[in-house]
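**Q** Encoded as structure tokens, here's the structure I'll be asking about.
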Amino acid sequence: MIRQGRIGDEAGIANVHVESWKSTYKGLVPDSFLDSLSAEKRKPLWKKQLESNSVFVAEENGQIVGFASYGKERTNKHPSYTGELYAMYLLAEHQRKGIGKALMHKIAQELVNQHIHTMLTWAFEQNGACQFYEALGGKRIDRAEVVIEGTSLSEVAFGWDTLKNLQDNYLDRFFSSR
């Protein structure tokens with residue numbers, strides 16, 4: 001089930017955030033950085049984000065198994081992209097089940113409701129999420145270097161010139177692939 005995040009979800013979101021980083025970025029991001037991550041320390045960040053009503057959560061059996069946060073593009077470096085997917089993470093055992101697609105669909109709907117019709121997101125280039133974003137029509141529009149504890153990582157920006165395909169054609173693509 002995908003629903004709007006609400007105050008009280010911060011512990012579940014923080015847990016998914018930290019556990020996803022530890023499983024997804026192992027061998028990419030230094031272990032010392034991953035070991036320092038704490039769901040408890042992330043809770044205040046997610047509580048603040050929840051107050052802005054810009055988080056969707058994915059639940060299974062009452063447990064948060066994924067989330068996505070979104071809003072207006074933050075840097076204005078790419079002025080033709082006015083929306084941004086800030087973060088999307090799923091627990092490893094809940095990936096490749098259509099939850100990410102469902103979250104993207106909800107975000108596209110919500111951004112269009114806010115009169116935002118384009119979007120971008122950033123992902124580490126070595127991350128499998130790049131293929132996911134490309135499969136959903138995201139085009140590589142930029143790249144940047146990020147340094148985490150002395151390790152340089154490439155990030156790629158994916159842009160959607162229109163959210164119409166994510167919004168309208170999602171159900172057809174989702175159900176035809178099952």
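**Q** Exactly one of (1) within 26 Å of Gly98 (Cα to Cα); (2) surrounded by 16 or more Cβ atoms within 10 Å (Cβ to Cβ); (3) aliphatic (A, V, I, L, M) is unmet by Met1. Its number?
**A** (2)
**Q** Test of understanding: among Leu85, Leu103, which residue is crowded, with 19+ Cβ neighbours inside 10 Å and either part of a strand (DSSP E or B) or in contact with a Leu (Cβ under 6 Å, 6 or more places away or on another chain) (or both)?
**A** None of the others qualify; the one that does is Leu85.
**Q** May I ask you to list the residues in segment 53-74 that are open to solvent by 30 Å² or more (accessible area, probe 1.4 Å) and under 13 Å from Asp9 (Cα atoms)?
**A** Selection gives Asn53, Glu59, Gly62, Gln63.
**Q** Then there is this: How many of the residues making up segment 79-135 are in contact with a helix residue (DSSP H, G or I) (Cβ under 7 Å, 6 or more places away or on another chain) and aromatic (Phe, Trp, Tyr)?
**A** Count: 2.
**Q** Name every residue in segment 111-140 that is outside any loop (DSSP other than H, G, I, E, B), open to solvent by less than 50 Å² (accessible area, probe 1.4 Å) and within 25 Å of Gln95 (Cβ to Cβ), in order of residue number.
**A** Leu111, Met119, Leu120, Thr121, Ala123, Phe124, Ala129, Cys130, Tyr133
The values are calculated or read from the model by the stated rules, or taken from the named source; none is laboratory data. Predicted model, so just to flag it, every value in this text is computed and none were measured. Methodologically, a virtual Cβ is constructed for each residue, glycine included, from the backbone with ideal geometry; neighbour enumeration extends over all protein chains shown. The accessibility values were calculated without ligands, DNA or RNA, using every heavy atom of the protein model including side chains. Shrake-Rupley method; radii C 1.70, N 1.55, O 1.52, S 1.80 Å.
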